[in-house]
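I have placed the structure first, in the form of structure tokens, so that the comments after it can refer back to it.
Please treat every number below as a calculation from the coordinates, not as lab data. Values in this document were obtained by computation on a predicted structure and should not be read as measured data. Please note: Cβ atoms are built from the backbone with ideal geometry, for glycine as well, and neighbour counts cover all protein chains shown.
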Amino acid sequence: MGVAAIVIALYQLFGTGIIESHAQARLRTTPIPAHPHLGSPVARLRIPRIGLDIIVVEGVGLPQLAIGPGHYPQSAPIGHAGVTAIAGHSSGWGAPFMKFGRIQPGDMVILDARKHEYRYRITRMGIVQAKDVWVLKGDPWSQSPSKLVLTTCWPVMTSKERLIIWADLASFA
């Protein structure tokens, strides 16, 4: 029984990361479609403070989050008015959001989508219960017409809570 647990843990920590890495390599060469379907790329996400540079896909189901962070389909398209929401793993599957604890208000989140660059400035961060879906409505203290919400399981290696990062669109080109 102990060996099986070790094998499962190693797969979760390393094997899933290899799968995600191969998927990301493929996604980086795939054009972003005008009307994305589940699993197709929607943007390149960069957060300079933590050295993150990854492709975001459409959808937040297990198959989509296994290949990269996912855009909540019911949220606003990237760069549009409203709230754009993206989820990602903090452990396993490449753990793209593992370093989110190092992010600070004022940091920039850059999303490249369909030949445009959208720069969001982080306004607040918080930890909520996993069931608190209200966070997908954006920072309740923000008056910005275009908001971004990033969500991940927290603390790392658990799914007990969610670390939420709220940001407002600062500029686009």
- prompt: Amide H to amide H, which residues 5 or more places from Trp154 or on other chains are under 5 Å from it, using H placed in the peptide plane?
  reply: Lys160, Glu161, Arg162, Leu163
In degrees, nearest ten, helix 16-27 long axis to first principal axis of the chain (Cα): 40
field: Computed [θ] at 222 nm, deg cm²/dmol, the chain (DSSP H ≥ 4; -39,500 (n - 2.57); rounded to nearest 500)
entry: -4000 deg cm²/dmol
query: Most exposed first by the Cβ proxy, i.e. fewest other Cβ within 10 Å, how do Leu111, Leu62, Leu148 rank?
result: Leu62, Leu111, Leu148
field: Cβ charges +1 (Lys, Arg) and -1 (Asp, Glu), total dipole of region 2-172, debye
entry: 180
- line: Within the set Gly82, Gly59, Gly138, GNM on the chain using Cα springs under 10 Å gives the largest fluctuation to Gly82
Count, lysine Cα pairs under 23 Å in region 2-172, 8 or more residues apart or across chains: 8
task: Any chance you could tell me what percent of the C-alpha pair distances in region 16-104 go past 21 Å?
output: 25
field: Radius 15 Å from Cβ of Ser144, net charge of other residues (Lys, Arg +1; Asp, Glu -1)
entry: +3
- request: Pull up the DSSP beta bridges for the chain and report the antiparallel fraction as a percent, rounded to 5.
  value: 80
